[in-house]
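Comments concern the structure below.
No value in this document is a laboratory result; all are computed from the given coordinates. These numbers were taken from a predicted model, which means no experiment stands behind them. Counting neighbours? That spans all protein chains shown, and the Cβs are built from the backbone with ideal geometry, glycine included.
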Amino acid sequence: MTEQRIGIIDIGSNSIRLVIYERTSGGAQRVIDGSKRAARLSERLNDDGALPSETIDELVDMINHFRLICAHHRTGHIRAVATAAIRNASNRSEVLHRIEAKTGLPIELLSGEEEAGYGFLGMINSMAVRDGFLIDIGGGSTEVSLFKDRTLVHSVSFPFGCVSMTKRFAKGGMLGDQQLRELEQYVADAVEGEAAWLKRTPGLPLIGVGGTARALGKVHQAHSRYPFESTNNYPITGPSADELFELLRKEPLDKRSKFPGLSKDRVDIIVPGVAILRAIFRLIGSSHYIVCGAGLRDGLFFATRFPERPRLDDVLTYSVNNLAALHPEAPMQHTSHVNRIVLSLMDVLQGQLPIPEQARQLIDVASILHRIGASIDYYDYRKHTFYLMTNSHINGLSHVELLMCAAIASYKGKNRVKQIAAAYKPMLGEAEIAVICKLGTLLQLAIALDRSETQAIGKLGIEISGGKLHLRAIRAEGMLAVERKEADALAADFKKQWGLTPILHTPDYR
């Protein structure tokens, strides 16, 4: 088991973080532990640009603490990296030497380009996006990258971040009008001087990774009373971000600390951080923001675990298969067979009836994961499936698509779908409810056709005629009595949704 666990230590400018990843016996990847310590290293540099000796001692203590956590989990490999605060310190050689000597861990000092590359890898492996800009606003640096066709094209690292900009322009966390103009001019000068290419591709989304972007996403969700908690793949319009920025900027720190969704350790640095974000957004002419829940540490994990091919070709397929592998109690042969049946049904029905373009993808995901709730309790497993799907990392779907997949996988009837929709207003409206009911009923029919969980139907012929959906078991073992009875029981509900009566035709074994 020791070789199957990787610890990533990220010595950032604002915080020091540990994440421990595990590869399970079933081949799935998951996080099993994590820890965070505030550091604010960028604001602790002295007048000579050096980190004081007592700060280095504190760093050593934190990293040794993280090493003990890794040892507790029998972590086979620990990878520790340092970013802007140590990169920009005038005594960085001394800092690295002392940390390595007193912890026994080699510390990789990442360049700005390397930091941008790992951040891009973490993002591109968690979102199904092809083209855009990526921004990571740390405590002491800001990395901005352009990617096209899921490939990194350009990247630049600016030597300023939310902590250093707070120290320079917003002492005490308050950013007045004049200071805001000066900060924005400072960012504009940096872009003009180091990365004029940023202005040449307008109209693309600006995807934010790291603490500033996630903090903005959480505050925006709380402020707008967004009913879904995940910040990964969360879109924000430019005007909406501007409005929230002004609300935060005008609040004194004692009131800002009570702002919904804002963590206490970001009260003073959130406004300068978002000011950098807005300045870059305007300079590059972005279409909108997207918050990404992954980032540097995730990129380091993929690069360490899969050094030959760290970038995923299909984000959604990887995350769905990973989630399925985390719940081996679900009978894999049965769910795979149900998946094949339901996709065969979709191929026939999609050409006959109006179904949204993404319907095949939704039911593909739902059919693979519909039994994962049994890992909690078989009884009422649908309820547990819904919870697990909406609280797990299923990357490559929008929030609405994820909710629809979970509702399809856990389908028990239209009333239950309406209850779910009521809890997630306004994300799920009448159009989404109609699709969920259609696809949920279709999935229940596919499950019924393998109710014995023996994969008895080897090949299924499907045709529509005379208001009936004829299902012919061309290759079958046995009389399929269980499957026939289950399909008959579903017939009335299926007809309500599809206008067709399903009939299972079985071979004559007289």
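Considering only beta bridges that DSSP places wholly inside region 315-505, some 60 percent are antiparallel.
For region 2-109, give the magnitude of the charge dipole about the Cα centre (Cβ charges: +1 Lys/Arg, -1 Asp/Glu; no others), in debye to the nearest 20.
Values: 15 positive and 14 negative charges, 98 e Å.
With Lys and Arg at +1 and Asp and Glu at -1, about 480 debye.
Against the chain, whose longest principal axis comes from its Cα atoms, helix 481-498 is set at around 70 degrees.
Just tell me which lysines come within less than 27 Å, Cα to Cα, of K495; anything on the same chain fewer than 8 places away is out. In chain and number order, the partners are K383, K412, K414, K418, K438, K459, K468, K485. When the Cα centres of region 349-388 and region 475-496 are compared, how far apart do they sit, in Å? That distance is 19 Å.
Counting every other Cβ atom within 10 Å of each residue's Cβ, L504, L312 order from fewest to most as L312, L504. Ranking S42, C70, L110 by Cα position along the charge dipole of region 41-119, where only Lys, Arg, Asp and Glu carry charges on their C-beta atoms, puts C70 farthest toward the positive end. When each of M165, M62 is scored by the number of other beta-carbon atoms lying within 10 Å, the sequence from fewest to most is M62, M165. Along the axis of the charge dipole computed for the chain (Cβ charges of +1 for Lys and Arg, -1 for Asp and Glu, origin at the Cα centre), the listed residues S155, P52, P272 are led at the positive end by P272. Ordering S286, S224, S452 by the number of other Cβ atoms within 10 Å of each residue's own Cβ, fewest first, gives S224, S452, S286.
May I ask for the equivalent-ellipsoid semi-axes of the chain, computed as the square root of five times each C-alpha gyration tensor eigenvalue and listed largest first in whole Å?
Working: eigenvalues 487, 136, 70 Å².
Semi-axes from the Cα gyration tensor: 49, 26, 19 Å.
Its Cα centre serving as origin, region 173-313 has a Cβ charge dipole (Lys and Arg +1, Asp and Glu -1) of approximately 380 debye. Can you list the lysines whose alpha carbon is less than 28 Å from that of K102, not counting same-chain residues fewer than 8 positions off? Hits, sequence-local ones excluded: K36.
Counting only Cβ charges, +1 for Lys and Arg and -1 for Asp and Glu, the dipole size of the chain around its Cα centre is about 1300 debye. Computed on the Cα trace of region 2-109, the radius of gyration divided by the Kirkwood hydrodynamic radius gives Rg/Rh = 1.02.
Could you work out [θ]222 nm for the chain from helices alone, using -39500 (n - 2.57) per DSSP H run of at least four and dividing by all its residues? Round to the nearest 500 deg cm²/dmol. So the helix-based figure for the chain works out to -15000 deg cm²/dmol.
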